[in-house]
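The values are calculated or read from the model by the stated rules, or taken from the named source; none is laboratory data. From a predicted model like this one, the values you see are computed outputs, not experimental measurements. Note that we place each Cβ from the backbone using ideal geometry, even for glycine, and neighbour counts take in every protein chain shown.
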């Protein structure tokens, strides 16, 4: 491989990282990822989106169908060609308990089922809600875009016996969702991922045991400019970082040979897991402060082709591992 021989796998977040404000992947970002593939680097997309929703923006870019796609914050791993590599599901009893444990935040709860078809598309019922008003108020555009896949089930517990339950999601203002997080984390059956302090529940090495009491993993994503927070509840042990390390192991890539690029709290496990980590300039300010303390590279804004800048620098052999380098 030309350029930086220390990097053999690059993992990239989608929203706020790979995508611009128009919701598309820029030509420069696409060109950089293709250049990485030609150089022999494994390209991995790692997103909080479920598989089919991620493919809405990835399909047609011309990336290898063997490229990895870590979706639902690490609950599912497929290739871009929809070949299933790994899937983790929430147990029905755990999901039933969580429906009650969220308390007054239940009106903002949405459940995701992995119903991906061979062509990478979903079917109706992939998303289940009990109430629509709160979700429409906080993520109305997302709800409209996903209408073909949403099913209303009252009570939502009636849907929990279906196969493929991978994720539960709460959405609302940052203040309200921080209260929801506190409620969820009050019980030891829920472990936080990507929450301060950063390394409390970070990525685990392969085969490392998780807490015997843990049944679910909590991830958060915050968009201060929109006063929006998304809290994802996944099967215990699931994270972008854990999925990335497992995929790297399968493909013969060492941890120190991974470059991760992200912009938000749900990327923390992935950024910690990688040998080199780039945090986008549009990341929340408190995360940038934490990232600098961790020695992450401070990258460009997602509207300035920050992914391309990082990948081009890596291919040129100029990326400095675990060091603060501003501007590229």
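Here are some notes:
- Unmet criterion (only one of (1) under 23 Å from residue 176 (Cα atoms); (2) surrounded by fewer than 22 Cβ atoms within 10 Å (Cβ to Cβ); (3) touching a strand residue (DSSP E or B) at 6+ places or on another chain (Cβ under 9 Å)) for residue 103: (3)
- Only one of the numbered conditions (1) closer than 26 Å to residue 269 by Cα; (2) surrounded by 15 or more Cβ atoms within 10 Å (Cβ to Cβ); (3) touching a helix residue (DSSP H, G or I) at 6+ places or on another chain (Cβ under 9 Å) is violated by residue 55, and that is (3).
- Residues considered: 127, 160, 165, 135. Of these, the only one that is within 15 Å of residue 231 (Cα to Cα) and outside the structural domain of residue 50 (by TED's automatic domain parsing) is 135.
- Entry remark, region 255-282: residues being in contact (Cβ under 8 Å) with a residue 24 or more places away in the chain, surrounded by fewer than 24 Cβ atoms within 10 Å (Cβ to Cβ) and either more than 17 Å from residue 48 (Cβ to Cβ) or not assigned by TED's automatic domain parsing to the domain that holds residue 18 (or both) number 4 in total.
- Strands (runs of 3 or more DSSP E) (entirely within region 175-294) containing at least 2 residues that are at pLDDT below 95: 190-193, 216-223
- The residue list 82, 95 contains one member that is assigned to a helix (DSSP H, G or I) and surrounded by 14 or more Cβ atoms within 10 Å (Cβ to Cβ), which is 95.
- Considering 82, 75, 39, the condition of being in the same structural domain as residue 272 (by TED's automatic domain parsing) and over 26 Å from residue 143 (Cα atoms) is satisfied by 39 alone.
So that you can scan it fast, the table gives a plain yes or no per residue for (1) in a loop (DSSP other than H, G, I, E, B); (2) in contact with a strand residue (DSSP E or B) (Cβ under 7 Å, 6 or more places away or on another chain); (3) modelled with pLDDT of 95 or more; (4) closer than 23 Å to residue 221 by Cβ:
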| position | (1), (2), (3), (4) |
| --- | --- |
| 15 | no, no, yes, yes |
| 34 | no, no, yes, no |
| 40 | yes, no, yes, no |
| 43 | no, yes, yes, yes |
| 48 | yes, yes, yes, yes |
| 52 | no, no, yes, yes |
| 56 | no, no, yes, yes |
| 65 | yes, yes, yes, no |
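- Hits in region 314-328 (condition: in contact with a strand residue (DSSP E or B) (Cβ under 9 Å, 6 or more places away or on another chain) and modelled with pLDDT of 90 or more): 314
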